[in-house]
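Report on the following structure.
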Amino acid sequence: MFIIKIQIKDVEFGYSKNKVLDGISINIDKGECVSILGPNGTGKSTLIKCIDGLLKPQKGTIKINGEDVQKIKREKLATQLGYVAQSCNSAFSLTVFDMVLLGRSPYIKWKSSKSDELKVFKALKKLNIEDIAMKNFNELSGGQQQKVIIARALAQETEILLLDEATSNLDIRHQLEVMYIIKKLTKEENITAVMIVHDLNIAARFSDKILIMKNGKINKAGIPEKVLTKENISDVYGVEVDISRIEKKPCVIPLRTKCI
Amino acid sequence: MEIDIQNGIKDYKMEKRKKTFFIIILIIGIIVFGSIAITIGPLNITVIEVYRVILHKILPSFINSVDSNIENVVWLVRIPRILTSLLVGFCLAIAGAVMQPVLRNPMASPFTLGISSGAGFGAAIAIIFGKSIAKGSFHVIANAFVFSLITSFIILILSRKKGTTPESMILIGIALSHLFTAGTTVMQYFADSWATAEVVFWMVGSLSKGTWETLKYIFPVAIICIPFLIIKSWELNSISAGDDAAKSLGVNVDKTRIILMIVASLITATTICFTGAIGFIGLIAPHITRMIGGGDNRFVIPAAGLVGALLLSLSDMIAMNILEPIIIPIGVMTSFTGVPLFIFLIMKSRRRCL
């Protein structure tokens with residue numbers, strides 16, 4: 001039995017005249033690990049921000065557990081949706097611990113309790129970064145910072161995680177590590193994850209479902225084996241590829257850009 | 001895994017204790033400094049006489065007063081002046097400590113946002129034209145207060161149309177600052193020389209109005225606003241991580257930003273209308289605090305207040321006594337004492353706080 005967690009219906013969004021999102025409709029089930037793929041500038045980040053209620057679509061609705069995102073109070077929404085932005089730089093440096101403790105914000109007003117502190121350490125532990133807990137966030141490498149922000153989203157204990165290129169700054173080992181953690185969360189704790197991924201093979205390996213976006217529309221949606229085909233990739237990215245199977249998952253080998 | 005977590009929490013507690021310790025040291029420092037400072041001044045009054053006056057005021061029936069002149073100097077001049085310098089330093093430093101993360105800009109302060117220039121403009125109108133909202137001894141103060149609030153409201157209203165972004169607030173603030181400075185300069189240009197001198201004197205700042213009367217106005221505002229800002233310090237941490245991040249963490253960023261700016265402006269206006277433009281303390285005290293103890297606003301806001309209080313009162317004491325009987329303007333002295341310390345800490349600091 002699948003429960004619809006995120007319901008996106010006829011969503012349109014645009015800055016002035018050009019439409020960034022042009023009639024997006026899709027349902028995402030509970031416990032699904034969904035990757036959004038697509039060329040730069042096709043509205044992937046915009047879609048994620050609309051789901052998080054940071055942007056208000058001009059048309060259509062986005063529902064979380066059947067409730068319109070725009071009508072949910074931010075404080076409540078923060079207990080349902082965790083968001084990891086593309087890049088994060090803090091103007092004033094906090095320690096890693098305090099940064100992750102911010103994830104407990106929806107639950108605390110001014111003083112953190114012992115259980116909040118425990119949850120922070122558990123989140124740090126999940127990402128294997130508990131040894132840098134007392135370091136300054138601004139002194140970390142880009143990859144480490146990204147992991148801290150993911151830990152913050154975990155500390156938020158939401159049923160849905162939205163990740164905007166969360167693994168793009170990481171080296172291959174850390175990429176695999178983080179994707180494995182997210183996959184595990186979706187399987188073991190029934191968390192729904194929606195993430196923007198640029199690496200097709202990483203997406204193929206870890207997602208239950210892939211959405212390919214092009215020009216503000218969802219071009220293809222489905223399981224990786226069905227979506228990641230030579231024809232689709234050529235159509236969306238304009239790149240000629242070869243596709244083989246490794247451990248039953250499609251593996252994309254880029255060959256050359258298509259001559260126009 | 002459990003042991004690791006326990007160790008981690010121990011480290012965290014240790015770090016927290018260090019910060020609490022720093023705050024306690026500051027409080028002790030202020031008390032010690034205050035008790036020494038009241039015994040120093042142009043008039044030769046012995047330490048025993050000073051404390052006899054204080055004890056007499058606290059317990060009038062047990063301790064007899066000394067000479068009434070001495071009593072007046074200690075009770076009506078020295079003590080209120082030290083208390084004013086502590087309170088003003090405390091307030092301005094906290095205003096700066098709030099504005100910097102609210103606007104996510106290390107250069108934000110009542111000075112850079114034009115709030116001081118607005119106050120100066122208002123004061124100049126009162127001094128040069130004698131036009132003011134209030135009558136009597138309050139005519140300069142009331143104008144300075146109203147104009148500094150006007151400045152911050154213009155910033156808020158205009159930047160609201162641009163989505164209350166930190167960038168728009170800062171740019172509008174800087175622009176207004178130049179506008180008001182230009183306005184003040186024009187007035188000075190056509191004014192009598194004594195009036196011009198008076199305006200200059202006001203702009204440099206002075207704690208000579210530090211009386212019990214002044215404290216009666218500043219203290220209530222501080223006692224209401226500052227606990228509020230300390231409560232909001234947790235949300236400030238979220239805001240300094242970025243607007244989108246803060247929203248996702250459940251903070252109503254736009255509303256919080258506006259409220260915090262209003263409260264910080266109110267504190268600033270209330271203090272600088274009595275003392276003149278000594279906003280520099282609001283820029284450096286928060287930074288000094290962050291360089292020592294990191295950027296967690298739950299720590300920075302109260303600690304920066306204490307650093308500001310100590311720095312301003314120390315500067316005032318030096319300003320009064322170093323070239324006695326000449327009193328160096330407090331604004332100038334704050335720069336002379338604060339800047340070397342500030343630069344020393346920038347060069348020395350291991351932390352990348354900005």
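Here is a yes/no grid of residues against (1) within 13 Å of chain B (Cβ to nearest Cβ); (2) over 13 Å from the mean Cα position of the chain (by Cα); (3) within 21 Å of A:Asn65 (Cα to Cα):
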position	(1), (2), (3)
A:Gln145	yes, yes, no
A:Arg152	yes, yes, no
A:Arg173	no, yes, no
A:Met179	no, no, no
A:Lys184	no, yes, no
A:Glu188	no, yes, yes
Extreme residue, nearest to the chain's Cα centre (by Cα), among residues of the range B:45-76 that are surrounded by 14 or more Cβ atoms within 10 Å (Cβ to Cβ) and part of a loop (DSSP other than H, G, I, E, B):
B:Ile45
Would you check if B:Pro42 is without any contact (Cβ under 8 Å) to a residue 12 or more places away in the chain, over 30 Å from B:Leu229 (Cα atoms) and over 24 Å from the mean Cα position of the chain (by Cα)?
no
State all residues of the range A:223-260 that are under 18 Å from the mean Cα position of the chain (by Cα) and surrounded by 14 or more Cβ atoms within 10 Å (Cβ to Cβ); if no residue qualifies, say none.
A:Pro224
Are any residues in the range B:290-319 within 11 Å of chain A (Cβ to nearest Cβ) and either within 12 Å of B:Pro101 (Cβ to Cβ) or in contact with a helix residue (DSSP H, G or I) (Cβ under 6 Å, 6 or more places away or on another chain) (or both), and if so, which ones?
B:Arg290, B:Met291, B:Gly293, B:Gly295, B:Asp296, B:Asn297, B:Arg298, B:Phe299, B:Val300
B:Val204 being more than 30 Å from B:Asp243 (Cα to Cα), in contact (Cβ under 8 Å) with a residue 60 or more places away in the chain and surrounded by fewer than 17 Cβ atoms within 10 Å (Cβ to Cβ):
yes
Unique match (being at the interface with chain B (Cβ under 9 Å from one of its Cβ atoms) and of a type in the set (Val, Ile, Thr)) among A:Ile26, A:Ile108, A:Ile3, A:Ile8:
A:Ile108
If a residue must be free of Cβ contacts under 8 Å to residues at least 24 places away in the same chain and of a type in the set (D, E, K, R), how many such residues does the range A:15-48 contain?
1
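If the requirement is being of a type in the set (A, V, I, L, M) and touching an Asp or Glu at 6+ places or on another chain (Cβ under 6 Å), which of these qualifies: B:Ile127, B:Ile141?
B:Ile127
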Considering (1) among the basic types (Lys, Arg); (2) surrounded by fewer than 23 Cβ atoms within 10 Å (Cβ to Cβ); (3) touching a residue at least 12 places away in the same chain (Cβ under 8 Å), say which one B:Arg257 fails and leave the rest.
(2)
Which of (1) away from every other protein chain (no Cβ under 14 Å); (2) surrounded by fewer than 18 Cβ atoms within 10 Å (Cβ to Cβ) does A:Val20 not meet, given it meets every other one?
(2)
Against the condition more than 9 Å from chain A (Cβ to nearest Cβ) and either under 16 Å from the mean Cα position of the chain (by Cα) or at negative phi (or both), how does B:Ile231 come out, does it pass?
no
In the range A:49-65, the residues that are outside any helix (DSSP H, G or I) and touching a residue at least 60 places away in the same chain (Cβ under 8 Å):
A:Asp52, A:Ile64, A:Asn65
Within the range B:117-146, how many residues turn out to be without any contact (Cβ under 8 Å) to a residue 12 or more places away in the chain and in contact with a Gly (Cβ under 6 Å, 6 or more places away or on another chain)?
0
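FYI, it's all coordinate maths here, none of it is from the lab. Values in this document were obtained by computation on a predicted structure and should not be read as measured data. No Cβ is skipped: glycine too gets one built from the backbone with ideal geometry, and neighbour counts run over all protein chains shown.
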